[in-house]
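Contents: one structure, followed by commentary.
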Amino acid sequence: MKTFLAQVAFDGKRLVLRNFSFIFLSLLMPAGFYLLYTKAMISGSAVAIKQFNISYMDQMIVFSILLEALFSIASILKRDRDKGFTTFLRLSPKGVVPYYVSITFWMLMMSLLSVIVLGGIAIGVNNVSLDAGQWLGFLGIILVGQLPILMIGIALSHIRREEMLSLASNLLTFPMAIISGLWWPISLLPKWLQTIGKETPTYFVNNLLNQVTSRATVDLSNLVGIAVWFVLGSLLVVVMTKHEQRKGVALGEA
Amino acid sequence: MTTIIQTEHLKFNYDKKQVLKDINLTVHSGEIIGLIGVNGAGKTTLLNILLGLLSGEGAVSVFDKKPGNPTSKARIGSMLQGDMIIPGITVGDMLKLAAEQTEHALDPDSLLADLNLTQLKTQRLGNLSGGQLRRVTFAVALIGQPDLLFLDEPTVGMDANARKAFWDQVEQLRQQGKTIVITSHYLEEIQQIADRLLILQNGRFTFDGTLQQLQKQHLGATITCETDLQPAIFSGLADVDQVHSMGDKLVIHSRNGDQTLKALVPMLDRLHQISLNRESLEDIFLQLTKQEVPQS
């Protein structure tokens, strides 16, 4: 337990407290978008605006998780392997289990932090109001819904070259955010793009959040979509790991 | 003497290439082993197998257990190639985490003081120079008070003072009876510290013994003297390869220093300030490996 707590403290410093890219990309950027779109670039009836303030909060939280997984987590895991940190832990008597548990813990905390920051802005600035049951459901969906996205982030971390990782993170994150309706309504997109967008993991998560925050009936097919993406993401992690081992990255890192 | 490391007929293939072919090695407690070879000879692969990071064919034991066993891990410290540059983390944070990985850890502050690194404690790893990072990596390797240390290219990036301080520290570890396996391309340093040399060529040990034993196999030497005789006279002497003048001195390169010295005896009254330098480890290594093409 002492080793785990030391690992948590160590990772908390580097992943959150002293990690400007997480604070900027995963918290400040979505928060800035949220304020921009709900305060400066909005028109319509009071009811429509109220609804938009809630649904856009959902969207920006999913966007924040997407950025966290595909940029922060992917690059941190890659760096830990490239710089021999995971090798160092593998060689220690306590092994890598405390490290992976701690990373998972901080992934969840980072998502929670996104909810707190964006939810706090939505409540404080736009008077968004959800009851306790809605917030709990909201958190539950975030915890489950982030899993397939994190799997994609973990798979990306196995890309060998730093510049390729950056390219892949950019090519996945922003198109996925757009076609799954995180930036603007999916209905504005061409039909064929909507068809693709409605199969993305971020769409399923965002859809579930919208259903909870608008008290609509929860469509369980979204959960099935999340589960399928989780399986696909896990398979991708296995394939990327095997590929990396075959290419001898494990040799190089040591 | 207790056996610390034992390998029998160890082989390792990477893709279709046989990196290690038939490695038979016994290391006893308290030995300092200098493992040398050209790039790609298989040194790091061998260390990785002994550490349990890779698996080879054949029998391997470290502290009588399979490599990677948690009990033996607690007795091993390693300083591998590359440094852990972890953004946002200070030297103090790193040592604190390393100390939590083992039961018998030294106090990080005392260790930093012993290694003269206290001034780096609050510095971020990303802000350190290459040499400073190697010294911090050494501190991390020592924090668990290991009985066996693997040092892979330990002094890369260190300045002359840091290198001296590092080797002094290794000498202290020798006094404490630690077993140490070192790989380095700085052969003059290996020559100074190692009790036993292992030369790895094309996946096999082509030499296993002391520097003196190696020098007996390779009798080459450089003889320097002052003389009024013409250099051409010396060219025809036994085993002389090359003769040239350097200032007032005459330098004779010989394939067999003892034989050439005997041949010089009749001229002794015309020779002054004679000195004979046996071939260094680096000279012998260069001869042994001149046919070998570095792999990387």
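We did not get these values from a lab; they are worked out from the coordinates using the rules stated. Note that the structure is a prediction, hence the values are computed from the model and not measured. Note that we place each Cβ from the backbone using ideal geometry, even for glycine, and neighbour counts take in every protein chain shown.
Before moving on, here are some points about what is shown:
- Computed from the Kirkwood radius of its Cα pairs, the Stokes-Einstein diffusion coefficient for chain A at 25 °C and 0.890 mPa s stands at 129 µm²/s.
- FRET efficiency, residue A:242 to residue B:21 (Cβ-Cβ, R0 22 Å, nearest 0.05): 0.25
- The C-alpha radius of gyration of region B:176-296, expressed as a fraction of 2.2 N^0.38 Å, stands at 1.28.
- Kirkwood Rh (inverse of mean 1/r, distinct Cα pairs), the protein assembly as shown, angstrom: 27.6
- By the rule of a C-alpha distance below 20 Å, with chain neighbours fewer than 8 residues away ignored, the lysines paired with residue A:13 are A:2, A:78, A:83, B:96, B:121.
- From helices alone, chain A scores -23000 deg cm²/dmol at 222 nm; the rule is -39500 (n - 2.57) for each run of n ≥ 4 DSSP H residues, then divide by the residue total.
- Distance between modelled label sites at residue B:280 and residue A:220, nm, 7 Å Cα→Cβ extension: 7.7
- Computed over chain B: relative contact order in percent, which uses C-alpha pairs under 8 Å that are six or more apart: 20
- DSSP-defined antiparallel bridges as percent of all bridges, chain B, nearest 5: 70
- Between B:13, B:24, B:161, the Gaussian network model of chain B with springs among Cα atoms under 10 angstrom shows the greatest mean-square fluctuation at B:161.
- Note on chain A: GNM, Cα springs under 10 Å; of A:236, A:209, A:147, the largest mean-square fluctuation is that of A:236.
- Residue of A:127, A:53, A:222 that the Gaussian network model of chain A assigns the largest fluctuation, springs spanning Cα pairs under 10 Å: A:127
- Derived scalar couplings between HN and Hα for region B:98-107 equal 4, 5, 6, 7, 9, 6, 10, 6, 6, 6 Hz in order, rounded to whole Hz, by the Karplus curve 6.51 cos²θ - 1.76 cosθ + 1.60 (θ = phi - 60°), x for Gly and Pro.
- Computed from the C-beta positions of residue A:235 and residue A:17, the FRET efficiency with R₀ = 30 Å rounds to 0.30.
- Chain A - percent relative contact order, Cα under 8 Å, separation 6 or more: 25
- Paired Rg and Dmax values of chain B, which use every Cα atom, in angstrom: 22.8, 71
- 5 Å binning of all Cα-Cα separations within region B:220-278, expressed as whole percents from 0 upward: 4, 22, 37, 29, 8, 0
- About the centre of its Cα atoms, the protein assembly as shown shows a dipole size close to 1620 debye [charges on the beta carbon of Lys, Arg (+1) and Asp, Glu (-1) only; nearest 20 debye].
- Vicinal HN-Hα couplings computed from phi for region A:36-52 (Karplus, 6.51 cos²θ - 1.76 cosθ + 1.60; Hz; Gly/Pro x): 4, 6, 9, 10, 9, 10, 9, 8, x, 6, 4, 5, 5, 5, 4, 5, 5
- Region B:150-296: antiparallel DSSP beta bridges as a percent of all, rounded to 5: 90
- Nonlocal amide H pairs with residue B:183, under 5 Å, H built at 1.01 Å: B:35, B:151, B:152, B:153
- Per-residue 3J(HN,Hα) values for region A:146-163, derived from phi via the Karplus relation 6.51 cos²θ - 1.76 cosθ + 1.60 with θ = phi - 60°, read 6, 4, x, 5, 5, 4, 5, x, 5, 4, 4, 4, 8, 5, 6, 9, 4, 5 Hz in sequence order (x marks Gly and Pro).
- Calculated FRET value between residue A:2 and residue B:242, using beta carbons and R₀ = 60 Å, to 0.05: 0.40
- Distance between the modelled labels on residue A:132 and residue A:97, one decimal in nanometres: 3.6 nm (7 Å Cα→Cβ projection).
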